[in-house]
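As structure tokens, the structure follows; a few thoughts come after it.
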Amino acid sequence: LSYDNPSPTMYVVNSDAENIGVGGYAIYDAAVAEIRSCERAMEENLVFTRDWVLGQAETLCQASSWIVVGQRAAHAPAGESALKIVETIRRVTAVYELEEIVHGPHASFLVSPHMLALSLPQAPPERLQALCNSLKAQGGQAFSVTLHASSASSEGEHLFLRQSLPMLSPLQLLLPAQAMSAWIAPRLGIDLDQSDENPFTRILAGHLDA
């Protein structure tokens, strides 16, 4: 959006603002400021995520399969993270919402001793932490990622990312899987630039060429 060439969205913002007695440009400026803040948070979080993944690289490379758990609204980025792991790290990966895994899928710990747990600030951390502790008690590895209020930091297997615009905050939870793709896949000898010549892959993805 710009002041010189406002889009239809700009007119909608102005119209809504007039209805509540607030200048449309003030709302626009506030929205732009929030998005810029989100960009800065993403940059900061990416640096911490990269360092965290590299620090855990030896353990991450040992994983033969993964479980990705998302608590509440973090279920959506958990699904995207699982897909990224399958595509790039090429490990079998299952994804669950926390409520699903406590009703039985936790038995998967017996065959998948590596878990990535994602959580947003609104969700109470105690239950997800209990799940991580349960896995570690069985000799597995649990990595937790949550959004922190002020700044990014890490402590062992725990990564705390800086929170940004609430609507866009779930995007920050995709960074660990993205970082694993960038820095763990090459350590496993996986060339992400090499195309898949499997004939079954071409059949399955044939509709994408249409």
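The values are calculated or read from the model by the stated rules, or taken from the named source; none is laboratory data. Note that the structure is predicted; figures quoted are calculated from it, not measured. Ideal geometry is used to build each Cβ from the backbone, glycine not excepted, and the neighbour counts take in all protein chains shown. For the accessible areas, the whole protein counts, side chains as well, though only heavy atoms, and no ligand, DNA or RNA atoms are used. Shrake-Rupley method; radii C 1.70, N 1.55, O 1.52, S 1.80 Å.
What is the residue count in the range 68-103 for residues that are closer than 18 Å to residue 137 by Cβ and in a loop (DSSP other than H, G, I, E, B)?
1
Out of everything in the range 85-102 that is within 10 Å of residue 68 (Cβ to Cβ) and not β-branched (Val, Ile, Thr), what residue ends up being surrounded by the most Cβ atoms within 10 Å (Cβ to Cβ)?
Filtering the range 85-102 for residues that are within 10 Å of residue 68 (Cβ to Cβ) and not β-branched (Val, Ile, Thr), the one surrounded by the most Cβ atoms within 10 Å (Cβ to Cβ) comes out as 96.
If the requirement is being among the aliphatic types (A, V, I, L, M), over 22 Å from residue 188 (Cβ atoms), under 12 Å from the mean Cα position of the chain (by Cα) and open to solvent by 20 Å² or more (accessible area, probe 1.4 Å), which of these qualifies: 130, 73, 107?
Working: 130 fails: under 12 Å from the mean Cα position of the chain (by Cα); 107 fails: under 12 Å from the mean Cα position of the chain (by Cα).
Going through 130, 73, 107 in turn, the sole match is 73.
Could you give me the residue pairs with C-beta distances under 9 Å whose first residue belongs to the range 133-162 and is within 13 Å of residue 45 (Cα to Cα) and part of a strand (DSSP E or B), whose second residue is open to solvent by 70 Å² or more (accessible area, probe 1.4 Å) and modelled with pLDDT of 90 or more wherever it lies, and which are 6+ apart or on separate chains?
153/48; 154/48; 154/51; 159/48; 160/48; 161/48; 162/48
Take the residues in the range 60-70 that are of a type outside the set (A, V, I, L, M, F, W, C) and in contact with a strand residue (DSSP E or B) (Cβ under 6 Å, 6 or more places away or on another chain); name whichever of them is least open to solvent (accessible area, probe 1.4 Å). So that I can check it myself, show each step before the final result.
Looking only at the range 60-70, we keep the residues that are of a type outside the set (A, V, I, L, M, F, W, C), and these are 62, 64-65, 70.
The next check asks that each one be in contact with a strand residue (DSSP E or B) (Cβ under 6 Å, 6 or more places away or on another chain); those that pass are 65, 70.
Values: 65: 15, 70: 0 Å².
Residue satisfying both the conditions and the ranking: 70.
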